[in-house]
Amino acid sequence: MTCLLDRAGAGVSHVLGVGGRDLSAEVGGLSAARALRMLDEDPATELIVLVSKPPAPEVARAVLGQRLRTPVVPVLLGTPALAQAGGLAPAGDLTQAAEQALRALGRPVPEWPSWPAPPGTRPAPKRIRGLYSGGTLGTEAALVAGQGDFVDYGDDAYTRGRAHPMIDPTLRAEALARAGERDVVLMDVVLGHGADPDPAASLAPAVAGTPATVVIALIGTEGDPQDLHRQAAAFREAGAAVFTSNAQAARHARSLV
């Protein structure tokens, strides 16, 4: 979300992360509700975007039912029909939400950059395999694609005793090696401080070596130290199609099968 808004020239004043389980029935949205109130109390806040993995519907209704003066764009993945009393219509994915936020602020919606895969003669793919480092991005991609097998390598099950996949590419490189020629591998590569200083250096060879068709959602900004355009060029040279919109990457993968 923040990368797309940055691409459109719109900044953000605050980004509050409350964790992927906050809108579950067990937690009850305690942190999300408090974060919304805090942002609403800031007189400089013009618009709030709330992003969540699939929430418990009753918790989402309670959180969004708070009396706030500030409009809220909800991105409640998996529940696009959930209505918000007195607010803006829910967005189905992060890209739609960014576009909706830009329109609400009176800003133009840009074309989201992408780099097509170089021409080739691979067999037509038959299935999608999602290899994600970001859980919310993986959930979004699975919902948009509507099919396939998706693994969140940032889940606790894969990070015990090892670095997060934004830093350590080993497990995803191994998964690329196991993919078949009838697979579309859909994956995210996240840039920024705290991520791999050069993800293409380790992952691009794995992309070039796999028999699968690879589609990459490259999540980053012009200001990231890894150099967004250099990373995109390296992955495209390795044979991948590259998108700055995760939803567009998922739609492209779906179109290939």
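Every number in this text was worked out from the coordinates using simple rules, so none of it is lab data. Being a predicted model, the structure only gives us computed values, none of them experimental. As a convention, Cβ positions derive from the backbone with ideal geometry for all residues, glycine included, and neighbour counts pool all protein chains shown.
Between residue 104 and residue 256, what length comes free when the chain is fully extended (0.36 nm per residue of separation minus the Cα-Cα distance, one decimal in nm)?
Values: separation 152, 0.36 × 152 = 54.72 nm, distance 3.34 nm.
Taking 0.36 nm per residue and subtracting the Cα distance, the gain is 51.4 nm.
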Fill in: Relative packing of peptides 219-226, 111-118 - highest average C-beta neighbours within 10 Å first
219-226, 111-118
Worksheet item: Around residue 33, with a cut-off of 12 angstrom between Cβ atoms, what is the net charge of the other residues, counting Lys and Arg +1 and Asp and Glu -1?
Response: +2
Practice prompt. Along each of the three principal axes of the Cα atoms of the range 114-256, give the extent in whole Å, ordering the values from largest to smallest.
Written response: 37, 32, 25
Worksheet item: Given H placed on each backbone N at 1.01 Å, which residues far from residue 128 in sequence or on other chains put an amide H within less than 5 Å of it?
Response: 148, 149, 184
Worksheet item: Want the number for residue 202 to residue 38: 0.36 nm per residue separation, take away the alpha-carbon distance, what's left?
Response: 54.9 nm
Discussion item. Limiting things to C-alpha atoms, what are the Rg and the maximum Cα-Cα separation (Dmax) for the range 180-257, in angstroms?
Written reply: 12.0, 36
Worksheet item: Out of these labelled values of percent of Cα pairs over 25 Å apart, (1) 48; (2) 52; (3) 45, which was calculated from the coordinates shown here?
Response: (3)
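Order 38-48, 144-154, 245-255 from most to least packed using the mean count of other Cβ atoms within 10 Å. Intermediate results must be reported in sequence, preceding the final value.
Values: 38-48: 13.9, 144-154: 18.2, 245-255: 22.5.
The packing order, highest mean first, is 245-255, 144-154, 38-48.
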Discussion item. So if I take the centroid of the Cα atoms in the range 97-138 and the same for the range 148-172, what is the distance between those two points in Å?
Written reply: 21 Å
